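What follows is a short report on a single structure.
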Amino acid sequence: MRVLVFSDIHANLTALEAVLADAGPVEAHWFLGDLVGYGPDPNECITRVRALPNLSAVPGNHDAAVLERMPLTWFNREARNLIHWTQERLTPENLAFLQQLPEQVRHNDVLLVHGSPRAPITEYILTSEIAAASLEVMPTDFCFVGHTHTPVRWQEENGFVHFYPPTAGEALALKPRAILNPGSVGQPRDGDPRASYALYDTETHTWEWRRVPYDIAAVQARMRAFGLSPTNILRLAMGR
Ligand code: ZN
């Protein structure tokens, strides 16, 4: 089964549409959290994702904040304003969709979470120490995560955990005990502003990272029209 693995859309419909078009036909959609936050299109993105066939989805920390499952004191003033802005906009159907998302989903040998297996909503896997701790509690051969907005593979090898950056344009045959991040659709932070995602084949266990350009200026114009944060408008073009 050919699966689209994607994360951190962050209310950026233009990037999402570019990813869906670039991926081509897939048999399943696995979404790793953060539908909302930063971008101008929270409702449009939830409506689009909800309708995708064979969808598995987990909530991210921004989704949890909109549902008030996280203390708003964790966020700075700008982020809190954005949470209120999103809350005012979401339709009851889209809010209900976020509410029913499970914190983790398991498909045979793959676990899907936003942050990490230890703390599915909040933990950032940023170091090999954190990756090792995650691998220790991981009940599966593979875990797909989002949250850091950076495409990466953490691989357990001979008792150690190694960090591997993405290999563009080639399918990677995955070996057991690995954590993979497809990068972010709508708010990449690895210095490359193009939308990031991955394709996974459940039979061959092959994984392919992909980048796709989209009309960043159009998204920035919508953010400006809504009076959203100038910092977030700028960083979209820098991939930071
Ligand atoms: Zn995020």
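Kindly provide the set of residues from region 197-227 that are over 30 Å from M1 (Cα atoms) and assigned to a loop (DSSP other than H, G, I, E, B), ordered by number.
Of everything in region 197-227, those that are over 30 Å from M1 (Cα atoms) and assigned to a loop (DSSP other than H, G, I, E, B) turn out to be D215, F226, G227.
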Taking into account only those residues within region 53-75 that are part of a loop (DSSP other than H, G, I, E, B) and under 12 Å from L35 (Cβ atoms), which is nearest to the ligand (Cβ to nearest atom)?
-> G60
Please specify each residue of region 16-44 satisfying the condition of being modelled with pLDDT of 95 or more and of a type in the set (F, W, Y).
-> W30, F31
Just one listed residue, out of E44, E78, is touching a residue at least 60 places away in the same chain (Cβ under 8 Å) and either among the acidic types (D, E) or in a helix (DSSP H, G or I) (or both), and it is E78
Can you work out which of the residues in region 1-29 that are within 16 Å of the ligand (Cβ to nearest atom) and assigned to a strand (DSSP E or B) is nearest to the chain's Cα centre (by Cα)?
-> F6
All positions within region 181-197 that are buried (at least 24 other Cβ atoms within 10 Å of the Cβ) and either among the basic types (K, R) or closer than 15 Å to V145 by Cβ (or both) = N181, P182, G183, S184, V185, S196, Y197
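Identify, from the list L35, L13, the residue that is within 19 Å of E88 (Cβ to Cβ), hydrophobic (A, V, I, L, M, F, W, C) and crowded, with 24+ Cβ neighbours inside 10 Å.
Selected residue: L35, the only one of L35, L13 that is within 19 Å of E88 (Cβ to Cβ), hydrophobic (A, V, I, L, M, F, W, C) and crowded, with 24+ Cβ neighbours inside 10 Å.
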Could you please find all residues in region 154-191 being of a type in the set (K, R) and in contact (Cβ under 8 Å) with a residue 40 or more places away in the chain?
-> R177, R189
Return yes when S184 is out of contact with any Leu (no Cβ under 8 Å at 6 or more places or on another chain), within 16 Å of the ligand (Cβ to nearest atom) and part of a loop (DSSP other than H, G, I, E, B) and no when it is not.
-> yes
Only listed residue being surrounded by fewer than 18 Cβ atoms within 10 Å (Cβ to Cβ) and in contact with a helix residue (DSSP H, G or I) (Cβ under 8 Å, 6 or more places away or on another chain), chosen from T47, T73 = T47
Candidates H107, H84 - the one that is of a type outside the set (G, A, S) and exposed (fewer than 15 other Cβ atoms within 10 Å of the Cβ) | H84
When region 16-37 is checked residue by residue, the ones that are touching an Asp or Glu at 6+ places or on another chain (Cβ under 9 Å) and within 29 Å of L72 (Cβ to Cβ) are L16, L32, G33, D34, L35, V36, G37
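Could we say that L90 is more than 16 Å from the ligand (Cβ to nearest atom), surrounded by 17 or more Cβ atoms within 10 Å (Cβ to Cβ) and under 30 Å from P230 (Cα atoms) here? Step through it out loud before you land on a result.
Details: more than 16 Å from the ligand (Cβ to nearest atom): yes; surrounded by 17 or more Cβ atoms within 10 Å (Cβ to Cβ): yes; under 30 Å from P230 (Cα atoms): yes.
Judged against the criteria, L90 is a match.
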Quick check, is A96 free of Cβ contacts under 8 Å to residues at least 40 places away in the same chain, within 16 Å of the ligand (Cβ to nearest atom) and assigned to a helix (DSSP H, G or I)?
-> no
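The values are calculated or read from the model by the stated rules, or taken from the named source; none is laboratory data. Please read these numbers as outputs of a predicted model, since none were measured by experiment. Heads up, the Cβs are rebuilt from the backbone with ideal geometry, glycines too, and the neighbour counts pull from every protein chain shown.
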